[in-house]
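> Quick one: the structure is below, and I'll ask about it shortly.
The values are calculated or read from the model by the stated rules, or taken from the named source; none is laboratory data. Just so it is clear, the structure is predicted and the values come from calculations on it, not from any experiment. Reconstructed Cβ throughout: ideal geometry from the backbone, glycine too, with neighbour counts over all protein chains shown. Areas reflect the complete protein model, heavy atoms only, side chains present, ligands, DNA and RNA absent. Shrake-Rupley method; radii C 1.70, N 1.55, O 1.52, S 1.80 Å.
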Amino acid sequence: MPSRADARRNRARVLAAARASFAAEGSMAPLGAIAERAGVGAGTVYRHFPSKEDLFEAVIADSVEGFVAEGRALAVAVDPGAAFFGFLERVVREASLNRALCEAFAREAPGRLPDAAVGARHEFGDVLSVLLRRSQEAGAVRADVEAADVQALVAGCAAMEQGRGPGSGLLTAVMCDGLRAEQAVTKFRNGMEEAGGGAAGPRDEIGRCEMCGGPLPGDHAGRAGRPARFCGAACRQKAHRRRTRASG
């Protein structure tokens, strides 16, 4: 039987090998290749981690704990807004370069990491909530988003940045810009929200048919120069028949 010191060293070697393999290949990295990379047999891996999923989740928990430590340090930053956006950029960048992290965020989005990493998951959510609340109180982040919304955005953004290749950061900048406080919220007539500021008018900019909801043609002008109400003759006739039945 290996000594406790040998067991600890073997476990650390397995974790280091798994971290590199999962980062490059995601959860599809073969366990045999991880064992070979660590310089141990498959039996040694299984003694420490009963399944590849257990090993994967241990690697994810370790990475998330690093984010948590950084987030706690930023929770007392003088500029809460800069701390919040800097943290988001770091998490997205790290996840986009690491297939395991990107996969873990996407797998459980919104706002959840693998079940074996429950403690790290809750700590990550807690520290993100603190950073978000402080930045909202400072007027740097829009007030209508919650931590779960931000985590869903991070998951999606990391996946998209990974697809664009390393070093882009464009989508991360777009995400952060959308979270800034100057992005107001207005309402469409159907209740959907639209960013951009100002009160919603009585008719959306495109102009919609009162029967089918489709876009109105041309410059929206109808008969006698009045604003058009229907997209064409068919919808106009349907509306006429409906009015006739109602009056009868």
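> If you plug each phi of the stretch 53-69 into the Karplus form 6.51 cos²θ - 1.76 cosθ + 1.60 with θ = phi - 60°, what whole-Hz ³J(HN,Hα) values come out, in order, with x for Gly and Pro?
For the stretch 53-69, the Karplus-derived couplings read 5, 4, 5, 4, 5, 5, 5, 5, 4, 5, 5, 5, 4, x, 4, 4, 4 Hz, x marking Gly and Pro.
> Share of the stretch 36-100's accessible area from carbon and sulfur, percent, 1.4 Å? Can you show the working numbers first?
Numbers: 1510 of 3060 Å².
Whole-percent figure for carbon plus sulfur exposure: 49.
> Using 1/(1 + (r/R0)^6) with R0 = 30 angstrom and r between the beta carbons of Glu53 and Ala73, what's the FRET efficiency to the nearest 0.05?
Numbers: r = 31 Å, r/R0 = 1.03.
The calculated FRET efficiency here is 0.45.
> Less than 14 Å Cβ to Cβ from Glu70, Lys/Arg counted +1 and Asp/Glu -1: what total charge do the surrounding residues give?
Values: positive: Arg72, Arg90, Arg93; negative: Asp62, Glu65, Glu89, Glu94, Glu123, Asp126.
Neighbour charge sum, excluding Glu70 itself: -3.
> Something else: Please report the net charge: other residues with Cβ closer than 15 Å to the Cβ of Gly139, K and R +1, D and E -1. Before the final figure, lay out each step's value.
Working: positive: Arg133, Arg134, Arg142, Arg180; negative: Asp79, Glu137, Asp144, Glu182.
Spelling it out: positives minus negatives among the neighbours equals 0.
> Expressed in nm to one decimal, what extension gain is obtained for the pair Lys238 and Ala152 from 0.36 nm per residue of sequence separation less their Cα-Cα distance? List each step's numbers first, then the result.
Working: separation 86, 0.36 × 86 = 30.96 nm, distance 4.32 nm.
Full-extension gain reported as 26.6 nm.
> Given a Förster radius of 45 Å and the C-beta distance between Arg4 and Ala143 as r, what FRET efficiency does 1/(1 + (r/R0)^6) yield to the nearest 0.05? Provide the component values of the computation, followed by the final result.
Numbers: r = 52 Å, r/R0 = 1.16.
Step by step, r from the Cβ atoms, then E = 0.30.
> Amide H of Val141 versus every other amide H placed in the peptide plane: which residues, excluding those fewer than 5 positions away on the same chain, fall under 5 Å?
Gln136, Ala181
> Also, I was wondering about something else. With a cut-off of 8 Å between alpha carbons and a minimum separation of six or more residues, what is the relative contact order of the stretch 1-98 in percent? Intermediate results must be reported in sequence, preceding the final value.
Working: 53 pairs, mean separation 26.5, N = 98.
After rounding, I find 27 percent.
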